[in-house]
Amino acid sequence: MSSPRETSRRDFLKFAGLGGVALGAAAVPALGAAPREAAVNLRAAQAKNVIFLVADGMNLAALSLADAWSRRTRSMSSRWMRLYQERPVVRSLCETHSATGLVTDSAAAASAWGIGERIANGVLNITPDGRKPVTLAQKMMAARKRVGLVTTATATHATPAGFAVTVTSRKLQSEVAAQYLERGIDVILGGGTEYFTPSLLEAYRKVGYAYATDRTQLLARRGSGRLLGLFSKRYIPYEFDRQRDPVLRAAVPSLAEMTQAALNNLAPSPEGFFLLVEGGRVDHAAHGNDALALIHDQLAFDEAIETVLAFTDRHPDTLVIITTDHGTGGIQLNGVGDEDFEGAPAYAGTNDAFRRLENFTATQEATLARLKGQPKQAQLEALVASTGLTFKPAELAKVTDGKTFQALVAKYTGISWTSNNHTADLVEFCAYGPGSAQFPPFLRNDEVHAKVLRATGVAG
Ligand SMILES: [Zn+2]
């Protein structure tokens, strides 16, 4: 006599063409069902694994522009958009508020997923009345699922931390690093060596963690023992800069490579796993109003989606969630040129304006890092030069600070921003695979936690 759970899993594998025998419970895919019906049944099945992908600080325009960039430079849609065209995906709009108000930060947003409650901005999984509910990572581990956290921010940054730890402030990243060890997170990959002291690293090693510090070590890694990989003092460099610097490219893995390494490690887990994958620097690029950095980090996140979908093709008992925690910066590509513009149709200059981003040679962060300590004027000139564009002397005369530089870039690229802050807009949320039927077309961020538990049959 097999447990209902085993039966459900076997039926699911049979549906997916991977063997297994009898058919049973109504909530599992039925053999011979019409494709649409089968897709609906697939959504209702139980998931063994969960892969939760977060493009931090991604408003809808960020998703749109990455797709437009991909279509223009690679003649194909982003992987995320192709997923919508090719597979039975459940889509939602998600409301991202926190207990503080309409605009959340990443700590409260990840905590909403971590404990299923809204808390104050800046805090990790402690409620306004002082309770410390058990986190999603702990619940998964109690069900003998292994847990992995992967990010391009520091490994101890608010988003990965919000799934796993209980800390009074997101700023206490050293405390987060220590709590990951105490709670036994199986795979931790990202930046942020500065939050792991030598004695803490020694403590990690003592209980059996392998420690990788560069891309080669990570890619050579085999087996499923606990793994800590830290590839930068603070954040992983922006993808645009990483790809153009041979030294960085050799030393620092991409988000997709970290995701693959985590999946290799977690996949053999008999009871499954929970993996968080964060494109953490999409948010940083948006805070800095740097469209070039944002689009390329969004596409690096997109590549991680590709890695995950290749995995789920081989492991269809995996629920995939792809979303963001909030918008940041309010990026938009605005129409360029009006109806009277030399007789051309309205907005006829938009594509050319957007295309000007292809001339840019570095992110603002990389340019400013190169000129650290130099006079402001030299920094501004370097920023202007990094656009690869030719400006009129009268325009250049007006560039006296970051704000006026941004205004010049906006004029030429059509891309503008509403602020350097997080925003309150509804965000894209999608789920694919078994358990995805849990998610309605509209949901709140604090509803996701319970639905992930239900999708996996893990106790709340
Ligand atoms: Zn942010």
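Projecting the Cα atoms of 111, 196, 237 onto the charge dipole of the chain (Cβ charges, centred on the Cα centre) puts 196 farthest toward the positive pole. Angle check, please: helix 4-15 long axis (alpha carbons) against the longest principal axis of the chain (alpha carbons), in degrees 0 to 90, nearest 10. Tilt relative to the chain: about 60 degrees.
Can you tell me which of 371-383, 411-423, 301-313, 268-280 comes out highest on packing, and rank the rest after it, using the mean Cβ neighbours within 10 Å? Mind showing how you got there, number by number?
Numbers: 371-383: 13.0, 411-423: 18.8, 301-313: 21.2, 268-280: 23.3.
Top to bottom by mean Cβ count within 10 Å: 268-280, 301-313, 411-423, 371-383.
Just the number, please: percent antiparallel of the DSSP beta bridges in the chain, rounded to the nearest 5. That works out to approximately 30 percent antiparallel.
Taking the longest Cα principal axis of the chain as reference, the axis of helix 60-74 is set at about 80 degrees. For region 176-232, trypsin sites (Lys or Arg not before Pro) meeting the loop criterion (DSSP other than H, G, I, E, B) and having at most 14 other Cβ atoms within 10 Å: 222.
Which number comes out as Rg/Rh for the chain once both Rg and the Kirkwood Rh are worked out on C-alpha atoms?
0.99
Values quoted throughout were computed directly from the atomic coordinates according to the rules given, and no laboratory measurement underlies them. Every value quoted in this text rests on a predicted model; they were computed, and no experiment measured them. Positions of Cβ are generated from backbone atoms using ideal geometry, with glycine treated the same way; all protein chains shown enter the neighbour counts.
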